[in-house]
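Following: one structure in structure tokens, then a few remarks.
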């Protein structure tokens, strides 16, 4: 049995966990405070939320990320994980991603795999999580490593390339009809955005030769009309057909969003959002250095959009470097190998 902790922010952690788990030969239990997805048929452990408006010492003096004192939800959450480990006796525990969940599993004597993330992870909490892990999974290619990692992290890292629920999925068949205009698809994530509807309207007005489709809701829009013609933004559980028909996709720098664009082999403009530890900006820098996507550090002014879309559309397709198509399979093989590893035995000799 493998335990797999899934963070509740956005949907990328869940999509990735389901991709990897579906390719393992071991039984996998997912543990998360997200709603159980209908597509998941395996064991699922529901965890209570542990959010707090006014937490007391949530970082334990800067040593951890989230351990608020006297918080009933947090105590229940960690207790459920501990009870499951005690009952199921898993051969391996995967954290995607929580330092506290990883540390708890390791404290209970379970080998741990941590899903690595880009950005500055040299704070004490991340150092603890990465140091105690038996292995790190980096869902990006080894050709663009994260700079500044210590040698012992690199030594236990498996670079899988990106992991997407769309890896290996055929592109929709085209009806052969030429589109009336080139289409820009703006794909916003479920983890929040600073992008406003007014900025989207300004970009659309500046590019009359392009049609704009918005997936997700900009800040403050609540799914209301975005373009001048009144078409609303929308959330699609399966954006694959829309991504595949796009001339250019505009998205943030989250690992899952980039992985889906890479799987679709679509020209992409990446505009990173502000996230802890500079994660999305680090991903954007890696994409720019490898020539895989067109990157802007912030939302462009209206007059920049015509040239920006033309630049993105003309970029050669090099997405195979980022998305080999078997990232989930590589991760699953690592988990299987570690889960099957003979248990280390320590012989105690009485004095």
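Read-outs: derived from the displayed coordinates by stated rules, not from any lab. As the structure is a computational prediction, the values presented were derived from the model and not from experiment. Glycine also receives a Cβ, built like all others from the backbone with ideal geometry; neighbour counts cover every protein chain displayed.
Dividing the helix sum by the residues of the chain, where each DSSP H run of 4 or more adds -39500 (n - 2.57), gives a mean residue ellipticity at 222 nm of -9000 deg cm²/dmol. Look at 76, 146 and count the other Cβ atoms within 10 Å of each Cβ; fewest to most, that gives 76, 146. In the stretch 115-215 the Cα-Cα distances spread across 10 Å bins starting at 0 as 11, 27, 23, 24, 13, 2 percent of all pairs. Among 85, 2, sorting on how many other beta-carbon atoms sit within 10 Å of each Cβ, with the fewest leading, yields 85, 2. How large is log10 I(q)/I(0) at q = 0.07, 0.10 Å⁻¹ when the Debye formula is applied to the Cα atoms of the chain, each weighted equally and without solvent? Log10 of I(q)/I(0), two decimals: -0.32, -0.65.
Relative to the current alpha-carbon distance between residue 46 and residue 234, full extension at 0.36 nm per residue lengthens the span by 64.9 nm.
Among beta bridges identified by DSSP and lying wholly in the stretch 182-321, the antiparallel ones come to about 5 percent. Of the peptides 161-168, 4-11, the ranking by mean beta-carbon count within 10 Å, highest at the top, reads 161-168, 4-11.
Between helix 305-314 and the chain, what is the angle of the helix's C-alpha long axis to the longest principal axis, kept within 0 to 90° and rounded to the nearest 10? With rounding to tens, the tilt is 70 degrees.
Could you check how many percent of all C-alpha pairs in the stretch 92-131 are farther apart than 14 Å?
Working: 296 of 780 pairs.
Here the tail beyond 14 Å accounts for 38 percent of pairs.
Between 0 and 90 degrees, the angle of helix 72-88 with respect to the longest Cα principal axis of the chain falls at about 60 degrees.
For the chain, what is the percent of antiparallel DSSP beta bridges, rounded to the nearest 5?
5
Once the Cβ-Cβ distance of residue 307 and residue 277 is raised to the sixth power relative to R0 = 25 Å, the FRET efficiency obtained is 0.20. The long axis of helix 255-264 is offset from the longest Cα principal axis of the chain by roughly 50 degrees.
Across all Cα pairs in the stretch 182-321, the calculated P(r) in 10 Å bins from zero up to the longest distance comes to 12, 47, 36, 4 percent per bin.
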